[in-house]
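To start, the structure under review is shown below, and the notes come after it.
Here, each number is a calculation from the coordinates, and none is a lab measurement. From a predicted model like this one, the values you see are computed outputs, not experimental measurements.
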Amino acid sequence: MIRIGQAGIPLSCKGRTNKDGIVYTHKSLDLNAIEIQFVRGLYVLSDEEALFIKDYASKNDIEIHVHAPYYLNLAGDHEEITMSFEKIMKSAQMANNIGSKTLIIHPGFYGEYNPKKTAKLIIKNSKKIVSLFKKEKLKIKLAMETMGKQKVFGSLDEIVDVCTHVKEVIPVLDLGHIHARGNGSIQEREDYEAIFEKLDHYGYGTTSCISQESSMRMVMNCTMCPSKKETCRLPHSSKSSWIGTSMSR
Ligand SMILES: [Zn+2]
């Protein structure tokens, strides 16, 4: 089943709380997924709001995904890793309280390391986070997003590599980011197909057996494509929207 929803509270929604956002998603937009964003700093939900969101989502069959604060670095120094773990665990608790399926994170930066060493650190720290989720009995999955800037860890291959090493981690495709990272690489139908074929090769796909959920985030508007606006066929906008799908692996 493919679910469609938007990231954050739609601008057309008058109320500006997540509670308003989820009601609007269902009643006015008639969509069945939402990404709740804890992206700028740590958004705190009151117990009352969290309970409402959880109940409303389950009664109306809306799938929730939560995006963790943007600035995280699982390949940083001790201080950055401690800060990242704190933000992830706080967001994870809140995401779990509202019945979210995933907690989406941006993995980190290469910094002074080469890509291989960076991957090693991110894999090691992802394993730690997954085991903390288990220890705290959180039902959410850690989800890792493809990143748009080449100097940041998170090409499609790198994300798949982490997911292959830590099977509990789910790949999140941000197509706008993949497009930007490849300097406008998604132009034709075949370019999309190549992405899904790659995932299929790693066992992510709708036709394989079901043992693990994977989630996809597709930003359909290109917000970052640097110089190829003339040739880029994705609509350019400062707003991004996404389609979430549940797949099986
Ligand atoms: Zn993101």
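For this structure, a couple of remarks:
- Here's the list of aspartates and glutamates a cross-link from residue 127 could span, going by alpha-carbon distance under 19 Å and ignoring same-chain residues fewer than 8 apart: 77, 79, 80, 86, 136, 145, 157, 158, 161, 168, 213.
- Of 14/139; 87/167; 116/141; 27/139, pairs whose Cα-Cα distance is over 30 Å: 14/139
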